[in-house]
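Shown next, in structure tokens, is the structure this report addresses.
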Amino acid sequence: MPQKMQTRIYPMADADLKQLADKLKTSIVRDATDFATRNIAAAQLTAYQATVNVFDATTTDEELSGLVTDAVEKRDAIVENAQKAIRTIRNMAEITYNSKGKYATFGFDDLSKLTPNDLYRLATRVVRVGNQLLAELSAQGLTAIQLTALSTLATQLDIAIDFVAEKIETRDLETQDRVIKGNLLWAEMSRLASIGKSLFEDTNEAKYNDYVLVGSSTPPTSPVG
């Protein structure tokens with residue numbers, strides 16, 4: 001069975017979660033004596049800090065998105081070069097065959113509408129058919145060197161397509177990993193914050209509000225009558 005996708009349970013950006021986690025720890029350290037009555041001591045705070053650190057060490061989406069963008073830009077540069085090479089050969093075939101007969105064997109399409117995958121298939125087909133008809137097209141200037149250059153572009157495009165897919169997959173996996181770690185952190189933050197609110201809801205409004213997690217579904221309230 002495919003693994004179920006994790007959805008984030010923390011109602012804020014990753015950066016805000018990290019800062020709120022730090023703020024919560026500062027409050028707990030300040031109120032250590034009170035928390036000790038609920039068996040929250042140094043060992044639990046150390047474990048909490050480790051959870052914070054693990055989350056903070058995850059790759060950010062900005063980094064991963066940048067890698068995807070870079071891969072797409074490099075792929076698109078190859079796409080543009082392949083389109084230019086194919087357009088040149090297409091014109092040679094149009095003139096040689098008057099856009100009829102053997103011209104159809106190239107399967108030229110509207111290059112601007114082709115996906116990178118379809119462009120790759122077209123490029124390899126143009127190379128294959130171009131080599132078969134090289135003697136007839138040479139009068140228009142087609143050379144084996146041009147076909148080899150297009151073949152090289154097709155190979156580069158194939159690699160670039162796979163590289164983009166790899167970067168997208170990596171981003172998806174890292175996103176899931178970050179959400180899982182963020183959810184674990186948020187769950188522990190919620191537990192500790194609940195204890196903090198319980199400790200001060202009848203005695204200290206300011207401290208109580210320090211344990212109301214900003215962004216949660218429960219807004220800060222005034223617990224002291």
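Brief remarks follow.
- Residue within segment 209-216 that is open to solvent by 50 Å² or more (accessible area, probe 1.4 Å) and modelled with pLDDT under 95 present: yes
- Filter result for Leu213 (not in a helix (DSSP H, G or I) and not small (Gly, Ala, Ser)): yes
- None of Leu133, Leu137, Leu122 is hydrophobic (A, V, I, L, M, F, W, C), in contact with a Leu (Cβ under 8 Å, 6 or more places away or on another chain) and more than 30 Å from Val29 (Cα to Cα) except Leu122.
- Within segment 45-78, if we keep just the residues that are farther than 18 Å from Asp16 by Cα and among the small types (Gly, Ala, Ser), the residue that is surrounded by the most Cβ atoms within 10 Å (Cβ to Cβ) turns out to be Ala71.
- Within segment 12-44, considering residues that are in contact (Cβ under 8 Å) with a residue 24 or more places away in the chain, open to solvent by less than 70 Å² (accessible area, probe 1.4 Å) and in a loop (DSSP other than H, G, I, E, B), the one farthest from Phe55 (Cα to Cα): Asp31
- Every residue from segment 1-11 that is surrounded by fewer than 16 Cβ atoms within 10 Å (Cβ to Cβ) and not basic (Lys, Arg): Met1, Pro2, Gln3, Met5, Gln6, Thr7, Ile9, Pro11
- Taking first residues from segment 182-197 that are touching a residue at least 60 places away in the same chain (Cβ under 8 Å) and partners that are of a type in the set (S, T, N, Q) and open to solvent by 10 Å² or more (accessible area, probe 1.4 Å), the Cβ contacts under 6 Å between residues at least 6 apart in sequence or on separate chains come to Leu185/Thr51; Glu188/Thr51.
- Meeting the requirement of 2 or more residues that are at pLDDT below 95, polar (S, T, N, Q) and open to solvent by 50 Å² or more (accessible area, probe 1.4 Å), no helices (runs of 4 or more DSSP H) wholly within segment 96-204 can be named.
The values are calculated or read from the model by the stated rules, or taken from the named source; none is laboratory data. Owing to the predicted nature of the structure, the values given are computational and were not obtained by experimental measurement. A quick note on method: Cβ atoms are made from the backbone with ideal geometry, for glycine too, and the neighbour counts reach across all protein chains shown. Remember, those area values only see protein heavy atoms, side chains included, never the ligands or the DNA or RNA. Shrake-Rupley method; radii C 1.70, N 1.55, O 1.52, S 1.80 Å.
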